[in-house]
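Novice: Please see the structure below; I have some questions.
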Amino acid sequence: MSTSLSVAATPSKTSHKSDSAAKSSTMSAVQRRNRWMMFFFILPMLVVFLAIVIIPSLQSIQLSFTDYDGISPTYNYVGVDNYHEIITSGRFWNAVKNTLILGIGSAFIINVISLVMALLLDRIHHFSGFFRTIVYLPSLVSAFIASTIWKYMLNYNFGAVNSILKKAGLEGWVHDWLGDSHIVVWVLLFLICFTLGGNTTLIYLSNLQSVPQELVEAAEVDGASGWQVFRHVTWPMLAGSVTVNFTLSLIGGWVIFDQIQVLTGGGPGFVSETMAFFIYRLGFGEYRAGFGSAAAVLLFIIVMITTVITNKYMRGREIQA
Amino acid sequence: MSASIAAAKSVNSKPAKAKKQKEPWKVSEIVCMVVTAILFCIVAYPVFYAFLQSFRSYSEITIDPMGMPTHYNLDNYVRLFQETDFLAATMNTVIITVVTLAILCVILPMAAYGVERIGGKLSGFFYLLFIAGLMIPFQVRMIPLVRMFDMMGLYSTLAAVILVHLGGAAGFGILLYCSFIKGVPIEVEEAASIDGAGKLRTFWQVVFPMLLPVTSAFIITNALTFWNDFFIPLVMLDSTSAGTINVAINRMVGLLTSQWELIYTGAIISLIPSIIIFAAFQRYFIKGMAVGAVKG
């Protein structure tokens, strides 16, 4: 994302200094017309983007200072009451904690899984297309569908998981997987990370295959072990895709919703709520849209800060490497 | 310079290919293959399980959750369409996916081209504005959006879902297209404009065809995103609409508590288009995704 800044530096054409005054004024008239034309090119997307993304985001900030209930057309301004209530609410901090566990935890674990899968695929030279395909296939299953299937597989009485455990004689391991407040968050983390990585794996793989073979061979000639080659040759070369993948996983991790909605509905009680789910419940289930907007603004601040920090930190690591 | 690199690459690639054909089987490679295959079976197991269960009846599933189907017929599939409005939901999902992609394919490349060619500080400004959209999750803006659509009378229509998808896809789309348009030589456009073509014609006849590779990558990845989306239609469509496939399945989980076989069946049906899209465009998937993301 930060490479994008370079676009701003694209030099505009100002090379007609020596031209006569008359000619340069016609040139700039043409240029100006071209610029207007380009602006009309941008316009349709810009209108939709402003109406759907930018303006509602600003309205969220406005609504966060009101007692808007999501239905009635009027609302009153209540100052910072919503924010005050949120930061003193245990339910909100529980949602933040779950978001951190599930968001950062899954970003970290999925990246490790993806890297391992990419390293495996990188060593497969026969039928490599076939193996890439089967590694990618599971990611075609959406989070929603996977969660729906798991919901039934984890059913206490008739679910596949408990029935396998019973048949294997592990009666003690049988749990109410989604109803036990002590383990439910960790079950969710496991289910979110139950993947082979899909796109993340492919990005690592394409980066791995761009690592110059000469470097690896030179290190091997010098007597480096497999681990040393990975740690000191391959890993530094992967810095770019680690940044991209980790940032993307983290952005996805902050807004984990489908799994919660399908599997637990935030339960038991409020134990497994994430911030995205918390905002949804407040806005559309409990008719406290103003309060939900305040939570939404806090979510945005967290997403922005962590994205900028991880990007800064990891870009720094790239340059060092 | 670039020609010499290309030449070097082609020289390099030939021996590599020759080597590939003769490459001997190594034990370590076979171990990697086996491990990969086992991991695939583990991760794909829930889908296999749902597929098998979609051929059984509710009583069979609950009496023996791990049993195999005794007969393979499409009874559950027929019942799903007869007993629920799954057909309307499927049509809604198709309409949302196709219309959103069709509109995006027109306005997004134009916008990205405009952002790149408008020049000066405006380029940077518009680019950053669109990229900022990547950092604003849907959850942050959904409450005002529902309010806005409600006031406009669009709430619970497919148009609302399509508009939200359009806005949400802008950030990544501009990122992807701009990084690609930077590589399009401006001389070609200048030649076209000297020949008397207007900006609009230059774009559609000269530039747009050059953007086809990135367009196909964009369509494929987003087709899956729109098809698989659950949250946006959940928020934007209420019970007056049949919903999308995912919303319909979610409602069935609540209503048909004793018809697990229909839910497994619905899950399998929703996977079929994804698999068809993937099978048809596999080459683009595996290449396009990596190119787009690493460049960002």
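The values are calculated or read from the model by the stated rules, or taken from the named source; none is laboratory data. Bear in mind that the values here come from a model prediction, so they are computed numbers and not experimental data. With ideal geometry, Cβ positions are generated from the backbone for all residues, glycine too; neighbour counts draw on all protein chains shown.
Novice: Is it true that some residue in the stretch B:57-68 is at pLDDT 85 or above and exposed (fewer than 15 other Cβ atoms within 10 Å of the Cβ)? Walk me through how you get there before you give the answer.
Specialist: So the first thing to find is which residues in the stretch B:57-68 are at pLDDT 85 or above, and the list is none.
Checking the stretch B:57-68: not a single residue is at pLDDT 85 or above and exposed (fewer than 15 other Cβ atoms within 10 Å of the Cβ).
Novice: Checking the conditions here, which among B:T240, B:T244 is crowded, with 22+ Cβ neighbours inside 10 Å and of a type outside the set (F, W, Y)?
Specialist: Details: B:T240 fails: crowded, with 22+ Cβ neighbours inside 10 Å.
Step by step, each of B:T240, B:T244 is checked, and only B:T244 is crowded, with 22+ Cβ neighbours inside 10 Å and of a type outside the set (F, W, Y).
Novice: Within the stretch B:104-125, is even one residue at pLDDT 90 or above, under 17 Å from A:L50 (Cα atoms), more than 25 Å from the chain's Cα centre (by Cα) and not acidic (D, E)? First the steps, then the outcome.
Specialist: Taking the stretch B:104-125 first, the residues at pLDDT 90 or above are B:104-115, B:125.
Subsequent filtering for residues that are under 17 Å from A:L50 (Cα atoms) retains B:104, B:107-108, B:110-112, B:114-115, B:125.
Next cut, more than 25 Å from the chain's Cα centre (by Cα) only: B:125.
Checking which are not acidic (D, E) leaves us with B:125.
Yes, some residue in the stretch B:104-125 is at pLDDT 90 or above, under 17 Å from A:L50 (Cα atoms), more than 25 Å from the chain's Cα centre (by Cα) and not acidic (D, E).
Novice: Of the numbered conditions (1) among the small types (G, A, S); (2) assigned to a loop (DSSP other than H, G, I, E, B); (3) away from chain B (no Cβ under 11 Å), A:G197 satisfies every one except a single condition; which is it?
Specialist: It fails just one condition, (3).
Novice: Specify which of the listed residues (B:L129, B:L154, B:L122, B:L158) is of a type in the set (A, V, I, L, M) and in contact (Cβ under 8 Å) with a residue 24 or more places away in the chain. Lay out the reasoning, then the answer.
Specialist: Details: B:L129 fails: in contact (Cβ under 8 Å) with a residue 24 or more places away in the chain; B:L154 fails: in contact (Cβ under 8 Å) with a residue 24 or more places away in the chain; B:L122 fails: in contact (Cβ under 8 Å) with a residue 24 or more places away in the chain.
Answer to the selection: B:L158.
Novice: Just a yes or no: is a residue in the stretch A:128-136 within 14 Å of chain B (Cβ to nearest Cβ), at pLDDT 85 or above and touching a Pro at 6+ places or on another chain (Cβ under 6 Å)?
Specialist: For the stretch A:128-136, residues within 14 Å of chain B (Cβ to nearest Cβ), at pLDDT 85 or above and touching a Pro at 6+ places or on another chain (Cβ under 6 Å): absent.
Novice: If I filter the stretch B:42-55 down to residues being among the hydrophobic types (A, V, I, L, M, F, W, C) and more than 9 Å from chain A (Cβ to nearest Cβ), which single residue comes out as nearest to B:Q259 (Cα to Cα)?
Specialist: Start the filter on the stretch B:42-55 by keeping residues that are among the hydrophobic types (A, V, I, L, M, F, W, C), which leaves B:42-44, B:47-48, B:50-52, B:55.
Narrowing the set further to residues that are more than 9 Å from chain A (Cβ to nearest Cβ) leaves B:48, B:51-52, B:55.
On the way: B:F48: 19, B:F51: 15, B:L52: 15, B:F55: 13 Å.
Once the filter is applied, the top-ranked residue is B:F55.
Novice: Related question: Filter the stretch A:63-82 down to residues that are under 15 Å from B:V140 (Cα atoms) and more than 8 Å from chain B (Cβ to nearest Cβ), then give me how many there are. Walk me through how you get there before you give the answer.
Specialist: Within the stretch A:63-82, the subset under 15 Å from B:V140 (Cα atoms) is A:63-65, A:70.
Next, from what is left, pick out any that are more than 8 Å from chain B (Cβ to nearest Cβ): A:64-65.
The total comes to 2.
This table checks each residue for (1) within 8 Å of chain A (Cβ to nearest Cβ); (2) in contact with a helix residue (DSSP H, G or I) (Cβ under 9 Å, 6 or more places away or on another chain).
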{"residue": "B:L129", "(1), (2)": "yes, yes"}
{"residue": "B:L134", "(1), (2)": "yes, yes"}
{"residue": "B:R141", "(1), (2)": "yes, yes"}
{"residue": "B:P144", "(1), (2)": "yes, yes"}
{"residue": "B:D150", "(1), (2)": "no, no"}
{"residue": "B:L154", "(1), (2)": "no, yes"}
{"residue": "B:L166", "(1), (2)": "yes, yes"}
{"residue": "B:L175", "(1), (2)": "yes, yes"}
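Novice: Something else about it: Within the stretch A:97-180, which helices (runs of 4 or more DSSP H) (wholly inside it) include 3 or more residues that are touching a residue at least 60 places away in the same chain (Cβ under 8 Å)?
Specialist: A:128-136, A:143-153
Novice: For the stretch B:247-269, enumerate the residues that are in a helix (DSSP H, G or I) and touching a residue at least 60 places away in the same chain (Cβ under 8 Å). Break it down into steps so the answer makes sense when it comes.
Specialist: Let us first name the residues in the stretch B:247-269 that are in a helix (DSSP H, G or I), namely B:247-255, B:260-269.
Residues satisfying the conditions are B:V247, B:A248, B:M252, B:W260, B:E261, B:L262, B:Y264, B:T265, B:G266, B:A267, B:I268, B:I269.
Novice: What number of residues within the stretch B:137-160 satisfy the criterion of being closer than 17 Å to A:G283 by Cβ and aliphatic (A, V, I, L, M)? Reasoning before the result, please.
Specialist: Narrowing the stretch B:137-160 to residues closer than 17 Å to A:G283 by Cβ: B:137-151, B:155-156, B:160.
Imposing the further condition that a residue be aliphatic (A, V, I, L, M) reduces the set to B:140, B:142-143, B:145-146, B:148, B:151, B:160.
Summing the residues that are closer than 17 Å to A:G283 by Cβ and aliphatic (A, V, I, L, M) in the stretch B:137-160 gives 8.
Novice: Next question. Could you check B:E83 against (1) touching a residue at least 60 places away in the same chain (Cβ under 8 Å); (2) touching a helix residue (DSSP H, G or I) at 6+ places or on another chain (Cβ under 7 Å) and say which number it fails?
Specialist: So B:E83 meets the others, but not (2).
Novice: Turning to a different aspect of this structure: Taking the condition of being loosely packed, with under 15 Cβ neighbours inside 10 Å, under 25 Å from the mean Cα position of the chain (by Cα) and touching a residue at least 40 places away in the same chain (Cβ under 8 Å), how many residues in the stretch A:49-90 meet it?
Specialist: The number of residues fulfilling the criteria is 0.
Novice: I'm checking my understanding of the structure. Among residues of the stretch A:225-268 that are more than 12 Å from chain B (Cβ to nearest Cβ), touching a residue at least 60 places away in the same chain (Cβ under 8 Å) and in a loop (DSSP other than H, G, I, E, B), which one is nearest to the chain's Cα centre (by Cα)?
Specialist: Among those that are more than 12 Å from chain B (Cβ to nearest Cβ), touching a residue at least 60 places away in the same chain (Cβ under 8 Å) and in a loop (DSSP other than H, G, I, E, B), it is A:T264.
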